[in-house]
Amino acid sequence: MDLRSMFWKQIASSGRAGTFMLCILVSSLTAQQLPDGFVLEEFAGGLDRPTALAFTDHDSRIFIAEKSGQIRIVENGELLTQPFYSVETETRNERGLLGIALDPQFEQNQFVYFYHSIKDKRRNRLVRVTAAGNTARPQSEVELFRTAQMWASWHNGGAIIFDEKDKLLLAVGDGTGGAGQRPDIDLALIVRLNRDGSIPEDNPVIDGLQSHLYAWGMRNPYTMASSKLWGKTYFNDVGNEFWEEINELKPGANYGWDAIDGYITSGQSPPANYEDPIHVYKHTEDGLCAIVGAAFYEPGHYSFPTEYHGQYFFMDYCEGIIYYLDPPTGNVKTFATGFDFPNNLAVDHDGNLFVLQLASGDLFRVRYQGNGSPYISRQPKDQIVPLGGEAALTITASGDAPLAFQWSKAGVDIGGAQGAEFSISDIAVKDAGDYTCHVRNGAGEIVSKEAHIDVVEGSAPVLTIDRPPADASYRAGDTIFFSGFAMDAEQGRIPAVDLEWTINFQHNQHNHPALGPLSAAAGHYVVPFFGETDTTVYYRVELTATDSSGLTGSVQRDVEPELVSVYLETRPACVQISVDGATTVGKSVLRSLDRMKRSIDMPLHQVVEDHLWIFEEWQDGVRDTLRRIFTAVDGLKIGADYTDGGFYHTAEQCGVHIDWYSGIGQDTLFYLDQNRQGVNENWDVESPWRWRGDYPRDSFSVKWSGQIIPPIDAEYTFELLHDGYVTFSVGDQIL
């Protein structure tokens, strides 16, 4: 259980008659700031790491995806016990059930779409099921799309929406494998489909064919929204070292990753059909870290003031800030602050803004009240308190100042209990009961829900983590073993079923769930070889236990990374290279988790100061590839040599015509033809034609004809690697 998921937590010293302490962890919502006239309420809680949500228009139900693989329904403000649907999924790191959408014709067809990670496959898939009330119809599951295999468990994407033409859009991440500029691989892209999984007739034509591929060049497009008012779709791309992006989705566009991060800068060469972001912010400043949440304010019924109509709402995960962007001008303003690791938001039919919090499992509603009368955002919580301990009740309310608070028990006012927080020390059995808080100001008054305090004899359990040890560290591929126990003065050893383990991957100021919650006395977690390349990371192992009387205790332990230095070099050093998708200079020191699998890409050629530098070979003599996958170990040196191709001048590429054939010998059949700007083929991994499943991976032939004018005057060597028959001609002469 993550600390942020608990509104309060009890921690006790050992022994039957020890001193008891109740530690109150007040949510950051106490610092919540919203515009005048807006109120915030805790709408539903108890969700298991919620990732996405969708609304029905006719009955105001909310469908919520939980990372663990369950789709839950909130109906009339209550979280239903029975899940709508459960799917087996992998939940390590950023994987899990990540996206959900309802069909625009949901009332008629009852279609629900979701996107999740396939267990043990490093792939994700888009699935459709049919609702039958508050559960899915049995055997109604239909798979519509499956991604390519990802390198790691990070950067899965996840957004599912319908665009302004009611076509299904799915955002897929790059899986950390450098697929941003590989539109032939089903990663790092936006997929556009009909509701049955077929390809829409107005999808862009790419390399001569219509495809499910709509746009590409993304890193981790986790959230996305579409506007019928503006006729636009925006997607948020979670950035790498510096920049978070909002992009406008356009057919056939290339958004630059992994060559460009943020706005394009001088000296960067954009790929064909490149599209710059419409807004970026630097996530290394002021604690900002990751862009999440996407919603245009276009409800069926407008309840917010007109200044918010048509605005695009988004958030930052670490700082908990909600912003809104004006599509015509691009101006961005702050809407609200103080949320606790929010990861998604949406607007319902009635014009309310809903916000999900991943770690705490809470769903909040922001609505416009229009006046300053008091409103309760966070209700007081039920508590179980040990006899002689301390209880603390907390309420969060908003409205015109000053606000007056009065706590009461069973309807009788408590003297001196006139603040937002009310505590009882050295608690006795007589203090058990139901408590409420009355909130007043000059504009009105409101009474909170009842909070029940249960006083029990005994103490909270005391926990011990045996493994990992206090000085534990990890390398890629290591197994983090964990074990521990909890002792209770009254109950004795707590059964394993009442123990709960979680492991969170801490990255800068935010975290990603890595494992759990898991009920067991012991277990293990395998550190992936691929994943987050930043070095400001560690794993936090937490054990929580609840005794038979409901008292809870917890303990945690951090496991630090073992870092190494890898030395990168190009000769000359002016050549820019790509390491795990991030551009760096040719001579640099790479800090990395020990034994982590990293990738380095060398350009085939690069123009620097009017000279064309041409790849010659890696410094260990390898010549036949521009990409190397290496294991980071301390002191490793890796680099490449380039030759000076001479002074560079631009020249028009006249283009070539390509004819594709399937089969060989007498079975050769014409497949299709294309026109391209040049010849740039590498088929050592996959079939040359990946847009169509019916093109063979073997037994094919290709013919190029046309003109290409080289950029420099020089002597050229042509190298052809093949396992069949090939001819090469210049003019009419076969060489």
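The values are calculated or read from the model by the stated rules, or taken from the named source; none is laboratory data. Since this is a predicted model, take the numbers as computed values, not measurements. Don't worry about glycine lacking a Cβ; one is built from the backbone with ideal geometry, like all the others, and counts go over all protein chains shown. Protein only, heavy atoms only, side chains kept; ligands, DNA and RNA dropped before computing areas. Shrake-Rupley method; radii C 1.70, N 1.55, O 1.52, S 1.80 Å.
Rolling a 1.4 angstrom probe over the chain with all protein chains present gives an accessible area of which 48% lies on carbon and sulfur atoms.
Semi-axis lengths, largest first, of the ellipsoid equivalent to segment 157-212 are 20, 15, 7 Å, with √(5λ) applied to each eigenvalue of the Cα gyration tensor. Residue-wise HN-Hα couplings along segment 203-218, as the Karplus relation 6.51 cos²θ - 1.76 cosθ + 1.60 with θ = phi - 60° gives them from phi, are 5, x, 8, 10, 6, x, 9, 6, 9, 5, 5, 9, 6, 8, x, 10 Hz; Gly and Pro carry x.
Averaging the Cα positions of each part gives two centres, and for segment 268-291 and segment 449-528 these lie 38 Å apart. Within 10 Å of each candidate Cβ there may be at most 16 other Cβ atoms; applying that plus a DSSP loop requirement, which trypsin sites (Lys or Arg not before Pro) in segment 570-614 survive? Of the trypsin sites (Lys or Arg not before Pro), the ones in loops of segment 570-614 whose Cβ has at most 16 other Cβ atoms within 10 Å are Lys587. When only alpha carbons of segment 430-573 are considered, Rg and Dmax amount to 22.3, 80 Å. Separation of the alpha carbons by more than 18 angstrom is noted, of Lys250/Lys333; Lys165/Lys232; Lys167/Lys250; Lys67/Lys597; Lys119/Lys167, for Lys250/Lys333; Lys67/Lys597; Lys119/Lys167. Exposure check, 1.4 Å probe, all protein chains in place: Phe482 carries approximately 0 Å² of accessible surface.
Please give every one of the lysines within straight-line cross-link reach of Lys430, meaning a C-alpha to C-alpha distance under 28 Å, and leave out same-chain neighbours fewer than 8 residues apart. Hits, sequence-local ones excluded: Lys9, Lys381, Lys409, Lys449. The convex hull built on the alpha-carbon positions of segment 26-99 has an orientation-averaged projected area of 6.9 nm².
Within 10 Å, count the other beta carbons around each residue, average over each peptide in 244-252, 516-524, and list them highest first. Before the final figure, lay out the partial values.
Details: 244-252: 20.4, 516-524: 15.8.
The packing order, highest mean first, is 244-252, 516-524.
Quote to one decimal, in nm, the extra length available between Asp723 and Asp36 on full extension: 0.36 nm per residue of separation minus the C-alpha distance between them.
Working: separation 687, 0.36 × 687 = 247.32 nm, distance 7.21 nm.
Working it through step by step, the gained length comes to 240.1 nm.
Here the Karplus relation 6.51 cos²θ - 1.76 cosθ + 1.60, evaluated at θ = phi - 60°, turns the backbone of segment 157-168 into coupling constants of x, x, 5, 10, 9, 10, 7, 5, 9, 6, 9, 7 Hz, with x for every Gly and Pro.
Using just the Cα positions, wrap the chain in a convex hull and report its mean projected area in square nanometres, one decimal place.
Values: hull surface 144.9 nm².
If I average the Cα hull's projected area over directions, I get 36.2 nm².
Annotation for Tyr695 and Asp382: the two label points, set 7 Å from Cα along the Cα-Cβ direction, are 6.2 nm apart. Orientation-averaged projection of segment 503-628 equals 10.5 nm² [convex hull of Cα atoms, one quarter of hull surface area]. Each peptide in 183-191, 62-70, 37-45 receives the mean, over its residues, of other Cβ atoms within 10 Å, and ordering these scores from highest gives 183-191, 62-70, 37-45. For the Cα trace of segment 121-205, dividing Rg by the Kirkwood Rh returns an Rg/Rh value of 1.01. For the chain, the solvent-accessible area with a 1.4 angstrom probe is 45 square angstrom per residue. Here segment 187-214 and segment 328-370 have alpha carbon centers that stand 31 Å from each other.
Taking Cα centre as origin and charging only the Cβ of basic (Lys, Arg, +1) and acidic (Asp, Glu, -1) residues, the dipole magnitude of the chain rounds to 1080 debye. Under 5 Å between amide hydrogens, built in the peptide plane, is the criterion, and for Val456 it picks out Val385, Leu387 among residues at least 5 positions away or on other chains. Calculated mean residue ellipticity, 222 nm, the chain: 0 deg cm²/dmol, from DSSP H runs (n ≥ 4) at -39500 (n - 2.57) each, averaged per residue and rounded to 500.
Mind ranking 317-330, 133-146 by how tightly packed they are, going by the mean number of other C-beta atoms within 10 angstrom, highest first?
Details: 317-330: 17.5, 133-146: 13.8.
Ranking the peptides 317-330, 133-146 by packing returns 317-330, 133-146.
Here segment 33-190 yields Rg over Rh of 0.99, to two decimals, using C-alpha coordinates and the Kirkwood radius.
Each principal axis of the Cα cloud of segment 200-271 was evaluated for its coordinate range; sorted largest first, these ranges are 37, 31, 19 Å.
Hull volume per residue, based on the alpha-carbon atoms of segment 413-481 and their convex hull, is 239 Å³.
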